[in-house]
1. For the chain, what are the per-bin percents of Cα-Cα distances with bins 10 Å wide, up to the bin holding the maximum?
2. Is the shape of segment 190-260 rounded, prolate or oblate, going by the alpha carbon gyration tensor and its root eigenvalues a ≥ b ≥ c, with a/c under 1.5 for rounded and a/b larger than b/c for prolate?
3. Taking the Cα centre of each part, how many Å lie between segment 45-115 and segment 208-261?
4. For D226, D124, D204, which order do you get if you count the other beta carbons within 10 Å of each Cβ and list the fewest first?
5. Given a Förster distance of 35 angstrom, what is the FRET efficiency for H184 paired with E102, based on the Cβ-Cβ distance and rounded to 0.05?
6. If you keep only loop residues by DSSP, which GluC sites (Glu not before Pro) in segment 1-97 have at most 10 other Cβ atoms within 10 Å of their Cβ?
7. Just rank H47, H36, H119, H184, fewest to most, by other beta-carbon atoms within 10 angstrom.
8. Compute the relative contact order of segment 118-265 as a whole-number percentage, counting only Cα pairs closer than 8 Å that sit 6 or more residues apart in sequence.
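The numbers here are math on the coordinates, done by the rules we state, and not lab data. For clarity, every value in this text was computed on a predicted model and none was experimentally measured. Every residue, glycine among them, receives a Cβ derived from its backbone with ideal geometry; neighbour counts consider all protein chains shown.
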Amino acid sequence: MRIDVLTLFPEMVRAPLETSMMRKARERGAVEVHVHNLRDWAEGKHHVTDDRPFGGGPGMVLKPEPIFRAADDLLGPGGPEAWGEGVRFILTTPQGRTFNQEMAAWLARQRRLVILCGHYEGVDERVRLALVTDEISIGDYVLTGGELPALVIIDAVVRLLPGVLAEGAAADDSFTSGLLEGPHYTRPRVYRGMAVPDILLSGDHGAIARWRREQALLRTLERRPDLLERAPLDDADRRFLEQVRREREAAREAGQDALSGQGSL
Ligand code: ADE
């Protein structure tokens, strides 16, 4: 896969790409990442990339010309229809679809990504109309620019590319399985009075797998019950969740009995 990032702040994007997993992924040839300064495609002595909005109002708008020229240079003229399958031109914006693991997995199957980091009040609408294939938000909050969102997207996508993580490592990720991940422990066995659950030391791989699955179900039930409605669950999962719900219901009723037993005020 090749990823091109178009930004007014290339130094903000480059440093994280030189670190850790991203660096390894590039060294292993899983991905090629090019970070470009949008100013390089701006004309005139001052390389202006933004201008005041027609009709008035606050803030500045990214001009269309540098972005169209960058797109033509990187992907060829003609826009998405001419670029063909497997090429996505992404705009990071709070108005986009909210990014999630499913979108990361889909993007990881593409051949080329160009990520345009939005800035200021926005981007001239003609860029959206003629170039952008996907508008992506990383969450319901507003950042000063699209650089951090671009890095978030790149990180989530690149770790899914073949050869970046150990075989199967991404399969248990929170969200890939449709559930949140359960707890993990490493040595020492007891730390500050907190012991590792015995089951993890039992050597019984079947029992350990079952316990891990149940912990993932519990954590998802507690923190993100909405995910359980869409997660692929088997009969054992459903029986386990039903039992947890019954136990909790019983505990709640017992608590209410205890309260009413104290008499009214
Ligand atoms: N630019 C500013 N805020 C953003 C967000 N939440 N997601 C994507 N791009 C943005």
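1. For the chain, the binned pair fractions read 6, 22, 25, 19, 14, 9, 5, 1, 0 percent.
2. oblate
3. Each part reduced to its Cα centre gives a spacing of 44 Å.
4. So the ranking, lowest neighbour count to highest, is D226, D204, D124.
5. Efficiency, rounded to the nearest 0.05: 0.90.
6. Loop-located and lightly packed - E18, E85.
7. Ordered from fewest to most neighbouring Cβ atoms within 10 Å, H47, H36, H119, H184 come out as H184, H47, H36, H119.
8. This gives 17 percent for segment 118-265.
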